[in-house]
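I have placed the structure first, in the form of structure tokens, so that the comments after it can refer back to it.
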Amino acid sequence: GVAVAPGVIATACHVTAHATTLRVVSNGERMQVSNQRAEVARDLCLLDVPGASQVPPVPLRDTPLKPGEELVALGYILGAAPRVSNGTVLRLHDYDGGKVIQSTTPFTSGASGGGMFDREGRLVGLMTFKFRAGTDNQFSVPVAWISEALRLPTGPEVAPLSGRAFWDAPEAGLPPFLQTLRMEAERRWSDLEALARQWIAGNPDSASAWHALGRAQAAGGRGSEALQSFARADALEHGNPVFLSDLALAHYRQHDDQGYARTRAELERIAPSALSTLDARAGACTPDIPQPC
């Protein structure tokens, strides 16, 4: 958990979901939680801890994050005393009035409810869940949700919570950005294309929807169509390292050396740490053979 206001600790609701009583430990002192403000669907709980009123709250960032920004995670990974890990913002997913953070910052069991900070030490989110397929699928809920929850009245006494977090729903109830991850992991390319087209029909200015469509088209060997979709995603959300990487690979697979060099140079300007991954993916690609790379 993270102190976000005097006597208020923010954590993930799935950490406290079955609790009938809660205590917070700070500097060896155990303090009783009196009330819990729970937004279960967002997986965000605020704990009122009168004894923690002297614990200094962390500063909350009030300006937007950008893909490629450096992050620092601080949490009880595997239950061990606070560990620090570093990474970057990979993508920002619009959901429920905020932007869910997908990062390269590694964390695992025990880290839920820990803080995700920018390089200036401002809280940007809480580590919440990891999609167990592929890599770089760590997600944090946004600090904007915390700011909103702080304006809620004091919650009820601690008791078991009902309901499910947004990321824990059946596939049809997941946000589109999580559905696309699952379909990609399972290589369900026709399902992915159908979802992307439905998403675009409802929101033609969604860069993520166009990117998902491009991924499905690339996997199906429709390189020129994929290139157009990736270019559309980049135009709608320029500066996203994931979109630029896939756009560069689309140029590469279309034998467009100038386009590849231009996009790679743009990626190097925005997120130089992503270049090694791009080069490895390009090295594993066979330009004329349809396959994800």
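Quick notes
- Scattering from region 110-217 was approximated by placing one identical point on each alpha carbon and applying the Debye formula without solvent; log10 I(q)/I(0) at 0.16 1/Å stands at -0.92.
- Summed residue charge, Cβ within 15 Å of Pro59's Cβ, Lys/Arg positive, Asp/Glu negative: 0
- For region 200-293, radius of gyration divided by Kirkwood radius, i.e. Rg to Rh on alpha-carbons: 0.95
- Largest GNM mean-square fluctuation among Thr154, Thr63, Thr11, using the chain with Cα springs under 10 Å: Thr63.
- The chain, accessible area per residue, ligands and nucleic acids excluded (1.4 Å, Å²): 47 Å²
- Cα shape, the chain, gyration tensor, a/c 1.5 rule: prolate
- Contact order, relative form, for the chain: 14 percent (alpha carbon pairs under 8 Å, 6 or more residues apart, mean separation divided by residue count).
- Cα-based shape type of region 16-64, given that a ≥ b ≥ c are square roots of the gyration tensor eigenvalues and the cut on a/c is 1.5: oblate
- Leu174-Arg197 FRET efficiency (beta carbon distance; Förster radius 25 Å; 0.05 resolution): 0.90
- Using C-alpha pairs below 8 Å separated by at least 6 residues, the relative contact order for region 176-230 is 29 percent.
- Percent carbon-and-sulfur accessible area, the chain, ignoring ligands, DNA and RNA, probe 1.4 Å: 51 percent
- Normalised by residue count, region 15-103 yields a Cα convex hull volume of 140 Å³ per residue.
The values are calculated or read from the model by the stated rules, or taken from the named source; none is laboratory data. Because the structure is predicted, anything quoted here is derived from the model rather than measured. Counting neighbours? That spans all protein chains shown, and the Cβs are built from the backbone with ideal geometry, glycine included. Each accessible area value is taken on the protein alone, full model and side chains, heavy atoms only, with ligands, DNA and RNA left out. Shrake-Rupley method; radii C 1.70, N 1.55, O 1.52, S 1.80 Å.
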